[in-house]
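What follows is a short report on a single structure.
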Amino acid sequence: MTAHLTIVDHPLVQHKLTLMREAETSTKSFRQLLREISLLLAYEVTRSLPMTTKRIDTPIEPMSAPTIEGKKLALVSILRAGNGLLDGILELVPNARVGFIGLYRDPATLKPVQYYFKVPDSLADRLTIVVDPMLATGNSSVAAIDLLKAAGANNIRFLCLLAAPEGVARMKQAHPDVPIITAALDSHLNDHGYIVPGLGDAGDRMFGTK
Ligand code: URA
């Protein structure tokens, strides 16, 4: 995968995203749609995994069959909204290793501050997929990827549901080696840092908090 930004324009993804955007969509439906869409996005983000072959015996005869090469993937969720994408991806890649990064925004400096960091070992040997539904300012994504690179990750992809041009630009400037895979690139951020037209606060909508 070489493009810095990939927009997954599959009809099922776009249809489900429209349902998720609608203000009237219930928490239950939002969560279900997020799960479904994350399976489709996981299909796309894993499209170019390196492959090898192994010898197997079918009931008919031995063959050389394709299999994914290398160590198990590392999925890293940026808390808390990342967990909504994580569950679906784990259904498709059940033996992935999983990490979590917790960041909050310091009200004085507006800079992301780490409050939790637990990631799989041997990140240097794994493809690391960072998941967070909303790429808004890009501050938390850039900070999370800074931390992952410091922990050894060197092959990272970023998976989100919606991206704002501001966040994509920030990521491109800070981490040009990290491809972004998203279902849509929206118009801009509003004064509160929300993606426009967006879908509101992804965490609140998936967990039913306000
Ligand atoms: N986080 C969200 O949940 N929604 C936005 O629009 C931006 C950041």
- Query: Counting only residues that are near the ligand (Cβ under 10 Å from one of its atoms) and over 26 Å from residue 39 (Cβ atoms), which one in segment 167-193 is most open to solvent (accessible area, probe 1.4 Å)?
  - Reply: 192
- Query: Of these, 136, 163, 153, 144, which one is over 29 Å from residue 71 (Cβ atoms) and open to solvent by less than 60 Å² (accessible area, probe 1.4 Å)?
  - Reply: 136
- Message: Can you go through 52, 6, 58 and tell me which one is out of contact with any helix residue (DSSP H, G or I) (no Cβ under 6 Å at 6 or more places or on another chain), of a type in the set (S, T, N, Q) and either touching a residue at least 60 places away in the same chain (Cβ under 8 Å) or open to solvent by 100 Å² or more (accessible area, probe 1.4 Å) (or both)?
- Response: 6
- Just give me the residues in segment 11-70 being more than 24 Å from residue 179 (Cα to Cα) and at pLDDT below 95, in sequence order. none
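Would you mind stating whether residue 130 is modelled with pLDDT under 95, touching a strand residue (DSSP E or B) at 6+ places or on another chain (Cβ under 9 Å) and not in a loop (DSSP other than H, G, I, E, B)? Full working, then the answer.
On the way: modelled with pLDDT under 95: no; touching a strand residue (DSSP E or B) at 6+ places or on another chain (Cβ under 9 Å): yes; not in a loop (DSSP other than H, G, I, E, B): yes.
Answer is no for this residue.
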- Item | Residues of segment 197-210 satisfying the condition of being near the ligand (Cβ under 8 Å from one of its atoms) and hydrophobic (A, V, I, L, M, F, W, C) | 199, 202
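The values are calculated or read from the model by the stated rules, or taken from the named source; none is laboratory data. It should be emphasised that the depicted structure is a prediction, and the values quoted were computed from it without experimental measurement. Cβ atoms come from the backbone with ideal geometry, glycine included; neighbour counts cover every protein chain shown. The accessibility values were calculated without ligands, DNA or RNA, using every heavy atom of the protein model including side chains. Shrake-Rupley method; radii C 1.70, N 1.55, O 1.52, S 1.80 Å.
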